[in-house]
Amino acid sequence: PGESIATEIHRFTLPATKALPFVKLSPNDQPMMRPESFWHIRPIGRREKDLQTGRKYAQLAIAAMKADRNSGLIALIIQDIMKTAVDPATKKGRGLQSPTVLGFLSEISNSLATAP
C-alpha cells in the first residue's frame with residue numbers, strides 16, 4: 001500500500017539483479033523475464049583470487065537485493081549454485097568445492113553475523 005506503480009514495475013524488472021556480473025540473461029531478455037541463471041561464473045583457477053571474487057559477488061548481490069527490493073535473491077543464487085554443483089555436465093571429476101562459491105557463502109555468512 002502506498003507504493004507507486006513505477007516502484008512496483010521497477011521491482012519486477014530487477015535492473016540491479018540483471019546487471020550482476022554472474023547473472024546470465026536469456027539471449028532475448030525482456031524487462032519482465034527472469035534471468036536464465038542466477039549463478040553463471042568462470043573461475044580463473046587461482047584460489048585466493050576466486051575467493052575474493054566470491055566475496056565481491058556476495059557484496060554486489062546484497063546491494064542488488066536491496067536496490068531491487070528482492071528479498072529472495074540470495075535464495076535464488078544459492079539454488080543455482082546447488083544446481084550447477086550437481087549437474088553432471090558441469091562436473092569434471094573434481095570436488096564440488098569452488099573457491100568462488102566458498103567466498104560468496106563466507107561473505108553472506110559474515111554479513112548475517114554482523115547485521116544488527
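The values are calculated or read from the model by the stated rules, or taken from the named source; none is laboratory data. Just so it is clear, the structure is predicted and the values come from calculations on it, not from any experiment. Quick reminder, even Gly has a Cβ in these numbers, built from the backbone with ideal geometry, and neighbours come from all protein chains shown. Areas reflect the complete protein model, heavy atoms only, side chains present, ligands, DNA and RNA absent. Shrake-Rupley method; radii C 1.70, N 1.55, O 1.52, S 1.80 Å.
Filtered by the rule that a residue be over 18 Å from the mean Cα position of the chain (by Cα) and of a type in the set (Lys, Arg), region 4-48 gives Arg46, Arg47. The residues on offer are Ala75, Ala58, and the sole one that is within 30 Å of Ile9 (Cα to Cα) and touching a helix residue (DSSP H, G or I) at 6+ places or on another chain (Cβ under 6 Å) is Ala58. In region 4-20, is there at least one residue being more than 17 Å from Ser111 (Cα to Cα), part of a loop (DSSP other than H, G, I, E, B) and modelled with pLDDT of 95 or more? Yes, because at least one residue in region 4-20 is more than 17 Å from Ser111 (Cα to Cα), part of a loop (DSSP other than H, G, I, E, B) and modelled with pLDDT of 95 or more.
Note on region 58-72: among residues that are farther than 11 Å from Ala16 by Cα and outside any loop (DSSP other than H, G, I, E, B), the one that is most open to solvent (accessible area, probe 1.4 Å) is Gln59. Being in contact with an Asp or Glu (Cβ under 9 Å, 6 or more places away or on another chain), modelled with pLDDT under 90 and not hydroxyl-bearing (Ser, Thr, Tyr) holds for only one residue in Pro99, Pro88, Pro27, Pro43, and it is Pro43.
Is it the case, given these coordinates, that Glu107 is at pLDDT 95 or above, loosely packed, with under 15 Cβ neighbours inside 10 Å and farther than 25 Å from Ser4 by Cβ? Considered against the rule, which asks whether it is at pLDDT 95 or above, loosely packed, with under 15 Cβ neighbours inside 10 Å and farther than 25 Å from Ser4 by Cβ, Glu107 comes out as no.
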